[in-house]
Amino acid sequence: MKFAGACLVAAFAVVAGAAGATPARNINIKWNTGAAPALPQPKCVLHRVTVTRGDSAYTLLRDAGVDAGSVMRWLSQPTDAHVLRRMRPGDALSFCAAQTLGGGTHLTSLKLIHDQASQALSAPRPHAERGLVTVGFTIRHSLARELRHQHVSSALAMAVHEYLAHDRDLPTHLPAGARIKAIFSGAPSHARSRLLCLDVTLHKHHHRIYHYVDGKGAQYLVGSHGHGVRMLAMIKPLPHARISSGWGWRINPVLKRREFHKGIDYAAPLGTPIRAAMTGTVDMARWHGNYGRLVEIRSSHGVVTRYGHLHRMAHGIHNGVHVHAGEVIGYVGSTGLSTGPHLYFELWEHHKRINPLVHRPAISASLSRKDRHRFSAYVHTLAEQVPLS
């Protein structure tokens, strides 16, 4: 398949020198004066939370999964400080939140409902438009590793690898020595920078991979014709909790023996609400051996999330019930094989546990007819601003 349009160019280069020599890293950065093409704005989801004693706007919004930076930008507006000072128990915050390309959540509107009257807070000034940055580098190990070196999130880098597994015209593992050029909106190291597209030149044919977000916030990695993979949305089950034990080898704190920890431990106080990381159906909500009280949720795509050591399940959580991402499904406890209150979180794909901090499940997908029209316009705009050299 030959893809048309302009983006980033990854050309396979012949590496001079003895066979088996490690190619030297070669990074070239080029700034384009044109602003990044506007991406379709994801649809925001409306939320309403009731204020109780001791609550603050910051804690309520963060507990709802909104990114700290987005919360602070809204709450730091001096003209609205008096509005928030009026907040009392029984009032409500109504807000709309949308998912970012990087998987975070930002506010698009915020209102305080006080004495049955609604008052909107002023939206912060938008950030200055960022220009396009083209980064060239050489693959030394894998494309995913090199992308992470360029500040691309682990989840997106692994999704690129998943895309390659679905593309019949490209090898799943690009060989060492391949020259890559990637286009970002702004400097890759900037927190708000986005990887826009990748282009691989193999046997004189360009294969372009576009990072696209549809109107509902779903993220895709697709070729020029809109075929590729969709990254499944997943949120943190405990947004502010500290990771007390990550994925990998460790000494089991109870059994005092070496083991491979195939999940993530989040330390949190007893009774802290736990939210569903993905939308799906409850497969299990009961005591389950060393897990203690366990909730297992299966998404419509077969991806499974598990939540162990719960103090108790949330009201209405039982086998067969449908839950939405972000819905409270239980509370932090220390049941089963546990040394203290924490959540043990697992992510399963194809009947195997995978690292939730690195992987974002991705499935084979194609853009809808409606989205293909918007996507084609985006590809055309990018081609005009960054012509293929």
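Which members of segment 300-321 meet the condition of being outside any strand (DSSP E or B) and over 25 Å from the mean Cα position of the chain (by Cα)?
First pass over segment 300-321, keeping only residues outside any strand (DSSP E or B): 300-303, 314-321.
Within segment 300-321, 314, 315, 316, 317, 318, 319, 320, 321 qualify.
Determine whether residue 337 is assigned to a strand (DSSP E or B) and either at pLDDT 95 or above or not assigned by TED's automatic domain parsing to the domain that holds residue 216 (or both). Talk me through it step by step, then tell me what you get.
Numbers: assigned to a strand (DSSP E or B): no; either at pLDDT 95 or above or not assigned by TED's automatic domain parsing to the domain that holds residue 216 (or both): yes.
Spelling it out, it is not the case that residue 337 is assigned to a strand (DSSP E or B) and either at pLDDT 95 or above or not assigned by TED's automatic domain parsing to the domain that holds residue 216 (or both).
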> From the residues in segment 154-197 that are out of contact with any helix residue (DSSP H, G or I) (no Cβ under 9 Å at 6 or more places or on another chain) and polar (S, T, N, Q), which one is surrounded by the most Cβ atoms within 10 Å (Cβ to Cβ)?
Replying inline: 185
> Looking at residue 152, is it part of a loop (DSSP other than H, G, I, E, B) and either assigned by TED's automatic domain parsing to the domain that holds residue 262 or under 17 Å from the mean Cα position of the chain (by Cα) (or both)?
Replying inline: yes
> Just for segment 105-122: of the residues that are assigned to a strand (DSSP E or B) and among the polar types (S, T, N, Q), which one is nearest to residue 44 (Cα to Cα)?
Replying inline: 108
>> Return the pair list, or none, for Cβ contacts closer than 9 Å from residues in segment 48-75 that are at positive phi to residues that are surrounded by 12 or more Cβ atoms within 10 Å (Cβ to Cβ) and at pLDDT below 80, at least 6 apart or on different chains.
In response: 65/104; 65/105
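Quick one: how many residues across segment 361-389 are of a type outside the set (Val, Ile, Thr) and part of a helix (DSSP H, G or I)?
Total satisfying the criteria: 15.
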> Any residue at all in segment 264-287 that is free of Cβ contacts under 8 Å to residues at least 40 places away in the same chain and not in a strand (DSSP E or B)?
Replying inline: no
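Scan segment 353-360 and tell me whether some residue there is of a type outside the set (D, E, K, R), within 21 Å of residue 214 (Cβ to Cβ), assigned to a loop (DSSP other than H, G, I, E, B) and modelled with pLDDT of 85 or more.
No, there is no match, as no residue in segment 353-360 is of a type outside the set (D, E, K, R), within 21 Å of residue 214 (Cβ to Cβ), assigned to a loop (DSSP other than H, G, I, E, B) and modelled with pLDDT of 85 or more.
Does segment 291-306 hold any residues that are of a type outside the set (Gly, Ala, Ser) and at pLDDT below 95, and which are they?
Taking segment 291-306 as the starting set, the residues that turn out to be of a type outside the set (Gly, Ala, Ser) are 291, 293-298, 301, 303-306.
Selection gives 301, 303.
Residue 344: under 30 Å from residue 46 (Cα atoms), assigned to a strand (DSSP E or B) and either among the hydroxyl-bearing types (Ser, Thr, Tyr) or more than 19 Å from the chain's Cα centre (by Cα) (or both), yes or no?
Working: under 30 Å from residue 46 (Cα atoms): yes; assigned to a strand (DSSP E or B): yes; either among the hydroxyl-bearing types (Ser, Thr, Tyr) or more than 19 Å from the chain's Cα centre (by Cα) (or both): yes.
So residue 344 fits the description; yes.
Yes/no per residue for (1) within 20 Å of residue 51 (Cβ to Cβ); (2) modelled with pLDDT of 80 or more; (3) not in a helix (DSSP H, G or I):
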| site | (1), (2), (3) |
| --- | --- |
| 66 | yes, yes, yes |
| 69 | no, no, no |
| 81 | yes, no, no |
| 97 | yes, yes, yes |
| 128 | no, no, yes |
| 132 | no, yes, yes |
> Of 223, 280, 246, 271, which residue is in contact with a Phe, Trp or Tyr (Cβ under 7 Å, 6 or more places away or on another chain) and surrounded by 13 or more Cβ atoms within 10 Å (Cβ to Cβ)?
Replying inline: 223
> Can you tell me which residues in segment 173-183 are touching a His at 6+ places or on another chain (Cβ under 9 Å) and at pLDDT below 85?
Replying inline: 176
>> in contact with a helix residue (DSSP H, G or I) (Cβ under 7 Å, 6 or more places away or on another chain) and part of a strand (DSSP E or B): which single residue out of 200, 229 fits that description?
In response: 229
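Would you mind finding the one in 329, 297 that is in contact (Cβ under 8 Å) with a residue 40 or more places away in the chain and in a strand (DSSP E or B)? Write out each step before concluding.
Working: 297 fails: in contact (Cβ under 8 Å) with a residue 40 or more places away in the chain.
So the residue among 329, 297 that is in contact (Cβ under 8 Å) with a residue 40 or more places away in the chain and in a strand (DSSP E or B) is 329.
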> How many residues, within segment 340-383, are free of Cβ contacts under 8 Å to residues at least 24 places away in the same chain, more than 18 Å from residue 302 (Cβ to Cβ) and among the charged types (D, E, K, R)?
Replying inline: 2
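The values are calculated or read from the model by the stated rules, or taken from the named source; none is laboratory data. Keep in mind it's a predicted model, so treat the numbers as computed, not measured. FYI the Cβ positions are ideal-geometry reconstructions off the backbone, even for glycines, and counts take in every protein chain you see.
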